[in-house]
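I have placed the structure first, in the form of structure tokens, so that the comments after it can refer back to it.
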Amino acid sequence: MKKIIAANWKNNGSKEFIKNYFDYFAKNLNNTNKNEIIFFPPDLYMDQIDKYSKKLNFSLGGQNFTSSGDDFTLTGGTSSKMFIDNGCSHILIGHSEMRLYGFDTYTPANLLCFTHDHLQAILCVGEDHNDKKNNHTSEKISKQLKDLYENEFIPKKVIIAYEPVWAIGSGKIPTLDNISFIHRFIKNNILEKLPSLKEKDIMVLYGGSVNLKNAKDILSAPHVDGVLIGGASLEVKEFTSICNLKI
Ligand code: PGA
């Protein structure tokens, strides 16, 4: 079954790294599963990577978003229009690292511009270590999902990345049953609040220490529509093998 395989490069990469990476990727990508591949590189390298996107059939996304570009000016900001101008179709919002360091400048109102600008937002949600310890996972995620509902618009498609903060970069992942349970919880929560959506319009990706060893099991778990991969997406052999998986 076709899945979303997304690479979150964070603040990694260089021109030389990208050249070598896509030389290998072009030669070894054999995506018979027709997985939808999305790269989230640093903004500065978007244009260089966009040159490979058509030939290799992947999408591009920004890692954070500041404004639509019309509503306010912000030193250091990148507008949704600039992402589109550089070939992007997706944008990550609410990643836990951005939330933690206060760089996350999106607001529920800003989500509006995604419908106007045709960018697909991927909203990251997930519990931290304390939430987990205190059994507050569902409560935390419900609060984070509220950002989707505090708008007047109904998105046509919703993509959520469930990323337990304690799993990111730690080598630890929840059990497959827990991943499925939370993905189901997220889908039900959205369907309850946005009843005009159908289940097939809601996709939930899992992120946090995904690698070649665990990717197939995670992608095969019920209610998992894809993965968002950090560290392992920088290892081109490993990431290419994950893209080539048949689920
Ligand atoms: P990781 O990062 O795969 O290195 O755990 C995932 C993320 O932060 O999106």
Practice problem: State whether one or more residues within the stretch 162-170 are part of a strand (DSSP E or B), within 16 Å of the ligand (Cβ to nearest atom) and aromatic (Phe, Trp, Tyr). | Solution: yes
Quiz item: Only one of (1) part of a loop (DSSP other than H, G, I, E, B); (2) more than 23 Å from residue 120 (Cα to Cα); (3) more than 12 Å from the ligand (Cβ to nearest atom) fails for residue 197. Which number is that?
Solution: (2)
Quiz item: Does the stretch 163-181 contain at least one residue that is charged (D, E, K, R), crowded, with 16+ Cβ neighbours inside 10 Å and over 15 Å from the mean Cα position of the chain (by Cα)?
Solution: no
Exercise. Taking the residues in the stretch 211-239 that are within 13 Å of the chain's Cα centre (by Cα) and within 14 Å of the ligand (Cβ to nearest atom) as candidates, determine which candidate is surrounded by the fewest Cβ atoms within 10 Å (Cβ to Cβ).
Key: 230
Practice problem: Answer yes or no: is there a residue in the stretch 69-77 that is of a type outside the set (D, E, K, R), within 16 Å of the ligand (Cβ to nearest atom) and surrounded by 13 or more Cβ atoms within 10 Å (Cβ to Cβ). | Solution: no
Quiz prompt | Tally of residues being in contact with a strand residue (DSSP E or B) (Cβ under 9 Å, 6 or more places away or on another chain), within 23 Å of residue 155 (Cβ to Cβ) and in contact (Cβ under 8 Å) with a residue 12 or more places away in the chain across the stretch 186-219 | solution = 12
Exercise. Given the conditions (1) closer than 23 Å to residue 98 by Cα; (2) within 16 Å of the ligand (Cβ to nearest atom); (3) not acidic (Asp, Glu), report the number of the one that residue 242 does not fulfil.
Key: (1)
Quiz item: When both residues are 6+ apart or on different chains and their Cβ atoms are under 7 Å apart, which pairs have a first residue that lies in the stretch 128-152 and is more than 17 Å from residue 173 (Cβ to Cβ), and a second that is in a helix (DSSP H, G or I) and among the basic types (Lys, Arg)?
Solution: 149/193
Self-check item: Hits in the stretch 6-28 (condition: in contact with a Leu (Cβ under 9 Å, 6 or more places away or on another chain) and farther than 17 Å from residue 219 by Cβ)
Solution: 9, 10, 12, 13, 17, 21, 22, 25, 26
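Readers should treat all values here as calculations from the given coordinates under stated rules, not as data from a laboratory. Every value quoted in this text rests on a predicted model; they were computed, and no experiment measured them. Cβ sites come from the backbone with ideal geometry, for glycine too, and all protein chains shown count toward neighbours.
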